[in-house]
1. Alpha carbon centre of the range 92-153 versus the range 456-488: separation in Å?
2. Could you tell me the accessible area of Leu518 in Å² (1.4 Å probe, neighbours in place), rounded to the nearest ten?
3. How do the peptides 350-363, 332-345, 268-281 rank, highest first, by the average count of neighbouring beta carbon atoms within 10 Å per residue?
4. With a 1.4 Å probe and all protein chains left in place, how much accessible area per residue does the range 174-218 have, in Å²?
5. For an R0 of 51 angstrom, estimate the FRET efficiency from the Cβ-Cβ distance between Ile502 and Lys116 and round to the nearest 0.05.
6. Please give the net charge around Arg169, taking every other residue with its beta carbon less than 9 angstrom from that of Arg169, where Lys and Arg add +1 and Asp and Glu add -1.
7. Gly397: net charge of surrounding residues, Cβ under 12 Å, Lys/Arg +1, Asp/Glu -1, itself excluded?
8. Take the alpha-carbon centre of the range 518-579, take the same for the range 281-332, and report the distance between them in whole Å.
Amino acid sequence: MKNKALVEALGTEEAFEQRSDDLVLSDKKKKKSKGDKESKKRKAVEVADDEDRSETSSELGEPVNSRLKSGKEKKSSKKTKVIESDEDDAEKEVEDPNAVSRFRISEPLKARLKEKGIIALFPIQAMTFDTVYDGFDLVGRARTGQGKTLAFVLPILECLINGPSKSSRGTGFGRSPSVIVLLPTRELADQVFEDFKFYGQALGLESCCLCGGMLYGPQETKLRRGVDIVIGTPGRVKDHINRNNIDLRSLKFRVLDEADEMLRMGFVDDVEFILGKVEDVNKVQTLLFSATLPDWVKTIASRFLKANKKTADLVGNEKMKASKDVRHIVIPCSDSERSRLIPDIIQCYSSGGRTIIFTETKESASELAGLLPGARALHGDIQQSQRSVTLSGFRSGKFLVLVATNVAARGLDINDVQLIIQCEAPKDIEAYIHRSGRTGRAGNTGVAVTLYDPRKSGRISRIERDSGVKFEHLSAPQPIDIARCAGAGAVESITQVSDSVIPPFKSAAEELVNNSSLSAVELLAKALAKLSGYTEIKSRSLLTSMENHVTLILEAGKPIFSPSFAYSVLRRFLPEEKVESVKGMTLTADGYSAVFDVQTEDLDAFLTGQGNAANVSLEVLKTLPKLQDREQSRGGGRFGGGGSGGRGGFGSDRRNGGGRFSGGRGGGGGRGGFSDRRNNRFSGSNSGGGGRGRSFGGGSNW
Ligand SMILES: Nc1ncnc2c1ncn2[C@@H]1O[C@H](COP(=O)(O)OP(=O)(O)OP(=O)(O)O)[C@@H](O)[C@H]1O
């Protein structure tokens with residue numbers, strides 16, 4: 001019963017029976033004659049009777065694996081195609097239980113799929129194709145990037161042309177639509193429209209996109225001429241219905257994609273209005289898809305979908321709800337440092353591909369886009385025509401960094417998005433799942449970095465708990481690491497410079513070498529640094545990621561119960577203005593230490609000062625220990641060993657040795673070790689970030 005979770009989808013609804021003999025065809029089966037048996041064999045999904053649901057459910061997990069496999073196989077098969085013959089390909093396809101050829105997909109559509117490099121259906125598509133084709137209402141859920149769009153596009157198109165809807169659908173000039181697809185955002189509607197257009201054209205089916213922010217005229221003209229498929233956002237579709245531009249009497253399918261978001265965005269009345277326009281619901285199939293289906297969507301589904309609806313749930317009760325193909329990372333960072341840190345994160349994690357940065361507000365999206373060279377903003381206050389230009393520029397690679405609000409969180413499928421950065425942890429789990437799901441799509445991998453204010457680390461723990469994501473807790477990339485990356489790039493660019501430049505520059509180079517105390521290699525290193533835009537390297541703290549700040553760990557020979565206790569310990573040996581300059585005071589998860597940032601120029605004052613207080617140890621940190629989150633600090637049992645637990649990435653050997661309470665003076669190991677630990681730090685000017693209040697004591701340091 002390993003896949004029982006899949007049939008526990010959305011409460012009491014029927015689940016799918018996915019017979020192993022349909023997915024993994026034996027040789028014997030392959031030899032079976034065509035006709036009924038063949039048609040049955042091709043079905044990847046069959047409807048389970050109530051009685052045998054529990055017995056058949058054990059097969060339901062298989063498609064997830066086979067889907068991922070097919071995604072990866074897709075890529076490798078693309079590469080090998082160059083040397084393989086068509087016959088080899090055909091043989092390979094026949095062996096794949098989800099091969100396109102095993103489904104009731106007609107030749108023109110197959111050809112289009114092949115053009116896109118699609119030779120096998122992904123599991124969600126394989127699970128739902130026959131169910132949709134055979135006339136059932138459906139709730140479909142699969143993780144982000146797993147091909148939910150084609151899970152409804154393909155069977156709907158086939159149904160209209162060759163299936164049960166063929167005879168009764170509207171045809172000819174001025175025909176009314178057979179399909180209506182509703183989506184929460186204009187960008188998403190446009191994307192799904194492109195799919196319907198591309199695949200539908202092969203079958204002579206006409207699609208149109210009805211989104212707000214666009215002129216009514218061209219949309220009306222298209223509707224008057226007649227279309228088969230209408231894709232749009234609820235508000236604009238409702239407007240057209242009210243203007244009598246759309247007649248829903250011939251409707252065969254209605255699809256709610258990203259249903260939960262549409263309803264969450266307040267489109268519920270519009271959606272109900274549109275769905276309610278269908279006179280005979282028995283003649284219409286309703287399909288509802290999303291990567292996340294919060295409980296309350298079940299209620300909506302039972303209102304809009306027929307009682308015998310089916311559910312295909314590839315997430316089910318599995319703990320991990322977000323994409324498994326994404327590396328999920330969290331990095332602490334103060335608000336003020338974000339725009340300085342983000343370019344470094346891009347340099348480290350984007351692998352030269354596209355990056356989408358999510359902000360919580362439209363203003364911060366515009367502001368951040370203005371601060372990052374070459375980045376563009378996308379949010380709801382930008383005119384639709386500009387939004388389209390921006391998105392197509394990003395898709396085509398004209399620029400590689402998009403700063404967006406949640407308007408880009410759902411459904412957008414953009415090639416080569418390698419990195420997602422979330423400027424803060426979103427409040428709701430669904431937002432995290434969808435945002436991080438803009439990378440790691442169709443079997444590819446990606447990275448999702450979430451920046452967080454350590455004071456709000458409770459959100460991080462909650463996302464971990466509720467979405468099943470196991471975050472890698474990392475510190476900000478250090479400038480020295482970034483510089484190393486940049487150096488490698490500079491070497492690469494030097495190799496591309498023609499030798500013809502040597503003669504005119506040679507005498508200057510000789511003069512430089514002869515007149516300098518540095519070696520030729522050191523001078524070349526400086527030249528590479530300059531080429532990469534570096535004239536100095538500033539340090540960056542581990543805790544707030546602030547430039548020219550260092551992170552210290554304080555111990556007092558006994559548990560540190562609160563930030564205010566930590567401040568009182570500092571007051572024992574430091575003047576008030578130094579204590580006030582501390583940033584990001586946070587307790588460690590073990591309850592014995594506090595960590596905070598100080599300006600690099602104040603470091604000596606802190607380290608020598610500790611000698612004046614008994615049982616106090618202060619050291620520079622190289623790796624951030626596990627910190628208490630806010631919930632932990634607030635709740636009882638602060639030091640009960642609970643907490644969010646098990647964070648990876650924090651070295652336990654945070655202090656590089658040295659007794660925790662060694663005489664309280666940080667003598668010997670403490671100070672002696674310091675210069676070693678500091679060896680990555682470079683002096684530089686003050687970043688000017690001081691002067692804010694304490695993080696816990698009121699005011700904000702972040
Ligand atoms: N059978 C397939 N083989 C190979 N690639 C596919 C297949 N089906 C879909 N894809 C590709 O996978 C990508 C993701 O598909 P899609 O956008 O439908 O995912 P999704 O599940 O709707 O994701 P989200 O939940 O984020 O909206 C698309 O680029 C699509 O072209």
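1. Using only Cα atoms to place each centre, the spacing works out to 36 Å.
2. 60 Å²
3. Going from most to least packed, we get 332-345, 350-363, 268-281.
4. 31 Å²
5. After rounding, the FRET efficiency stands at 0.55.
6. +2
7. With Lys, Arg at +1 and Asp, Glu at -1, the neighbours total +2.
8. What the calculation gives is 46 Å, centre to centre.
The values are calculated or read from the model by the stated rules, or taken from the named source; none is laboratory data. Bear in mind the structure is a predicted one, so any value in this text is a computation, not a measurement. Every residue, glycine as well, gets a Cβ built from its backbone with ideal geometry; the counts of neighbours run over all protein chains shown. We work out accessible area using only protein heavy atoms, side chains counted, and drop any ligands, DNA or RNA first. Shrake-Rupley method; radii C 1.70, N 1.55, O 1.52, S 1.80 Å.
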